[in-house]
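Q: What follows is a single structure, and I will ask about it in a moment.
Each reported figure results from applying straightforward, stated rules to the coordinates on display, with no laboratory input. Bear in mind that the values here come from a model prediction, so they are computed numbers and not experimental data. Using ideal geometry, Cβ is built from the backbone for each residue, glycine included, and neighbour counts are taken over all protein chains shown.
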Amino acid sequence: MSPRIDLHAHSTASDGTLTPAELVRAAAEAGLDVLAITDHDTTAGWEPAVRALPSGLRLVRGAELSCRWYGEEPAVPLHLLAYLFDPDDPDLVAELARVRLAREERGERIVRLLQADGIDVSWSEILTGAGGGTVGRPHIAQALLRAGLVATTTEAFGPDWLGERYRLPKEDIEVFRAVRLVRVAGGVPVFAHPRATRRGRIVPDELIADLAAAGLVGLEADHEDHSPAERAHVRALAADLDLLVTGSSDFHGTHKTVRLGAFLTDVEAYERIVAAGVTEVASG
Ligand code: AMP
Ligand code: ZN
Ligand code: FE
Ligand code: FE
């Protein structure tokens, strides 16, 4: 039987709802052989996940970097998965710290916008809810839910709330700089959900070709935010550009409905990532 490999999951180190220890236990219970922990803009979940690693489970240490492409106006936000990089690389460490701080400032500004419209949400309560992890809109969505202002997380991300009216840009990493930083840190950059039109604007294929030339290694094809046609398009583009292809759940605990292992990565792609990364895969 081929191993079950899920290379995209979030913990309470960012906007997931399971702690890193709970996440690796849940991955084993879900029958996974390999899990990647990929919290937004942080490696804070790595150590607790490794310490709690159940026997038989392998852990790929990674992160999901908040990036932006400035080739269009307004600039397009995008996500870069980075695997098996050196977590002590000073340039990457500094950039991630800068982005996390900018996320806090942006979160607080979103809360001030809500408050200015008479909406009763508290920034300190949202920070407490984030529990020291990377702050994101899902934490603000939880506050809207607790206040009874929306009925579901999906509604909180709709146009009347965090999707548009109360959406502010983050200060993300310029995407070519992010690819370079990850490569210099010995990591493996993979473009997360590159064709997810349902999440917002997407970038042109020409940009993906330029990123491939700059050191991008793979594309995430199988993801819940891609339609079957979008998945096929990503696969074809990856074949053209000689990039590897991944499939993953992007699990967020109860902040999303998707389950661990909902989408999987082929063992060949996994082995290419492992061979290219500077950090060892941890074994339980
Ligand atoms: P941020 O990084 O703060 O801009 O927030 C983006 C995060 O919000 C994504 O990584 C997802 O975890 C989450 N998210 C975005 N859209 C939705 C949605 N429609 N439903 C639930 N979660 C979402
Ligand atoms: Zn997220
Ligand atoms: Fe993402
Ligand atoms: Fe993600």
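Q: Give me 119, 37, 273 ranked fewest to most by other Cβ atoms within 10 Å of their Cβ, as a rough exposure proxy. Intermediate results must be reported in sequence, preceding the final value.
A: On the way: 119 15, 37 30, 273 25.
Going from least to most buried by this count: 119, 273, 37.
Q: Along the Cα→Cβ direction, 7 angstrom out, place labels at residue 154 and residue 93. What is the inter-label distance in nm?
A: 4.3
Q: Please report the projected area of the chain's Cα convex hull averaged over all directions, in nm². Please report the intermediate quantities before stating the final value.
A: Numbers: hull surface 55.7 nm².
Orientation-averaged projected area of the Cα hull: 13.9 nm².
Q: Rounded to whole Å and ordered largest first, report the semi-axes of the equivalent ellipsoid of the stretch 1-97 derived from its Cα gyration tensor (root of 5λ). Can you show the working numbers first?
A: Details: eigenvalues 140, 45, 28 Å².
One finds semi-axes of 26, 15, 12 Å for the stretch 1-97.
Q: Pairing the Cα long axis of helix 205-214 with the longest principal axis of the chain, what angle in degrees results, from 0 to 90 and rounded to the nearest 10?
A: Its long axis makes an angle of about 60 degrees.
Q: How would you classify the stretch 71-132 from its alpha-carbon gyration tensor, with a ≥ b ≥ c the square roots of the eigenvalues: rounded for a/c under 1.5, else prolate if a/b is greater than b/c, otherwise oblate? Kindly include the intermediate steps, with their values, before the conclusion.
A: Numbers: a/c = 3.01, a/b = 1.60, b/c = 1.88.
Oblate is the answer for the stretch 71-132, as a/c is 1.5 or above yet b/c matches or exceeds a/b.
Q: Helix 90-116 versus the longest principal axis of the chain: what is the Cα-based angle in degrees, 0 to 90, to the nearest 10?
A: 30
Q: State, to one decimal in nm, how far the label point of residue 177 lies from the label point of residue 72, with both points 7 Å from Cα in the Cβ direction.
A: 2.1
Q: Could you work out how much longer the chain between residue 120 and residue 146 gets when fully extended? Use 0.36 nm per residue separation minus the Cα distance between them, nm to one decimal. Before the final figure, lay out the partial values.
A: Values: separation 26, 0.36 × 26 = 9.36 nm, distance 1.06 nm.
Full extension from residue 120 to residue 146 adds 8.3 nm.
Q: While we're looking at this one, here's another question. As I understand it, the value is the acute angle between the Cα axis of helix 137-146 and the longest principal axis of the Cα atoms of the chain; what does it come to in degrees, rounded to 10?
A: 50
Q: Can you sort 176, 263 so the residue with the fewest Cβ neighbours within 10 Å comes first?
A: On the way: 176 18, 263 21.
Fewest-to-most ranking of 176, 263: 176, 263.
Q: Going through the stretch 51-139, which chymotrypsin sites (Phe, Trp or Tyr not before Pro) have at most 16 other Cβ atoms within 10 Å and a DSSP loop state?
A: Values: sites: 69, 70, 83, 85, 123; in loops: 70, 85.
Passing both the DSSP loop test and the Cβ count: 70.
Q: Can you work out the FRET efficiency for the pair residue 164 and residue 206, with r the C-beta to C-beta distance and R0 = 45 Å, to the nearest 0.05? Please report the intermediate quantities before stating the final value.
A: Numbers: r = 27 Å, r/R0 = 0.61.
Taking R0 as 45 Å, the efficiency between residue 164 and residue 206 is 0.95.
Q: Now a separate question. Using bins 10 angstrom wide from zero, how does P(r) for the stretch 120-248 break down, in % of all Cα pairs?
A: Per 10 Å bin, starting at 0, the Cα pair percentages come out as 12, 32, 30, 22, 5, 0.
Q: Continuing with this model, one more query. Among 8, 226, 255, what is the fewest-to-most ranking by other Cβ atoms within 10 Å? Each step should come with its number before you reach the end.
A: Working: 8 27, 226 23, 255 17.
Lowest count first: 255, 226, 8.
Q: State the antiparallel share, in %, of DSSP beta bridges confined to the chain, rounding to the nearest 5. Please list the in-between numbers first.
A: Details: 14 of 33 bridges.
Here the share of antiparallel DSSP bridges comes out near 40 percent.
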